[in-house]
1. So, in the range 145-164, of the ones that are within 25 Å of Phe16 (Cα to Cα) and in contact with a Ser or Thr (Cβ under 9 Å, 6 or more places away or on another chain), which residue ends up surrounded by the fewest Cβ atoms within 10 Å (Cβ to Cβ)?
2. Would you point out the residue of the range 63-92, among those that are among the polar types (S, T, N, Q) and over 17 Å from Pro112 (Cβ atoms), that is least open to solvent (accessible area, probe 1.4 Å)?
3. Would you confirm, using the coordinates I've provided, whether Ala6 is free of Cβ contacts under 8 Å to residues at least 40 places away in the same chain and open to solvent by 40 Å² or more (accessible area, probe 1.4 Å)?
4. Could you check the range 111-144 and list, in sequence order, the residues that are surrounded by fewer than 16 Cβ atoms within 10 Å (Cβ to Cβ), among the basic types (Lys, Arg) and over 15 Å from the mean Cα position of the chain (by Cα)?
5. What about Thr61, is it closer than 23 Å to Glu158 by Cα and among the β-branched types (Val, Ile, Thr)?
Amino acid sequence: MTPSSASWWASKARQFRAHLAARVEPAERAGLEGWLTESQLALFDSMHAADRRHGLDVVATLRAGGTTERDVLLAGLLHDAGKGQTGVWPRVAYSLGQAYGAWVWRVAGALPGWRADLDRLRHHAESSAAAAEAAGCSDRTVELIRWQEAPRDPDAGERLRLADEAN
């Protein structure tokens, strides 16, 4: 998908609306207590509401595709933990920079606080992996998160990447 295509813009508009409307129902949160450790649950709770919602949706897509491995499901849930509490507008600027070039990030980075937000988004795979490791996730989960954009595991990593893209 290229930024000149209607589908790219439609996808970004969908993501924008989803970010603003993101909610995690209490029952969904309670359902995590059965398979996450306290540290992993604390990491999930520290994530932005949009990233929590997205993680739950990625897990649902993985499960719908037949994935049952805890390591992969946990990677799907926590893969964006490193984005922190970054708001919607820096995320828009980040997406535009990915599509149109780093000049967008340089311009947006001049806004107060945005340089740190853009850096956080740019390096979120590594910081998410580090947070998952600190929360006691397995080496496999950590590596799936670390390589989420360019999977090194051709099976589980690719399933995670596709589930992420689908949501």
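1. Residue satisfying both the conditions and the ranking: Leu162.
2. Applying the filter and picking the extreme gives Thr67.
3. yes
4. Residue satisfying the conditions is Arg115 alone.
5. Against the criterion (closer than 23 Å to Glu158 by Cα and among the β-branched types (Val, Ile, Thr)), Thr61 qualifies.
Residue by residue, here is whether (1) outside any helix (DSSP H, G or I); (2) closer than 25 Å to Thr37 by Cβ; (3) in contact with a strand residue (DSSP E or B) (Cβ under 9 Å, 6 or more places away or on another chain) holds:
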{"position": "Pro90", "(1), (2), (3)": "no, no, no"}
{"position": "Ser95", "(1), (2), (3)": "no, no, no"}
{"position": "Val107", "(1), (2), (3)": "no, no, no"}
{"position": "Leu111", "(1), (2), (3)": "yes, no, no"}
{"position": "Glu126", "(1), (2), (3)": "no, yes, no"}
{"position": "Ala130", "(1), (2), (3)": "no, yes, no"}
{"position": "Asp153", "(1), (2), (3)": "yes, yes, no"}
{"position": "Asp164", "(1), (2), (3)": "no, yes, no"}
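The values are calculated or read from the model by the stated rules, or taken from the named source; none is laboratory data. Everything quoted here is computed from the prediction, not taken from an experiment. Neighbour counts run over all protein chains shown; Cβ positions are idealised from the backbone, glycine included. With ligands, DNA and RNA removed, areas are computed over all heavy atoms of the protein, side chains included. Shrake-Rupley method; radii C 1.70, N 1.55, O 1.52, S 1.80 Å.
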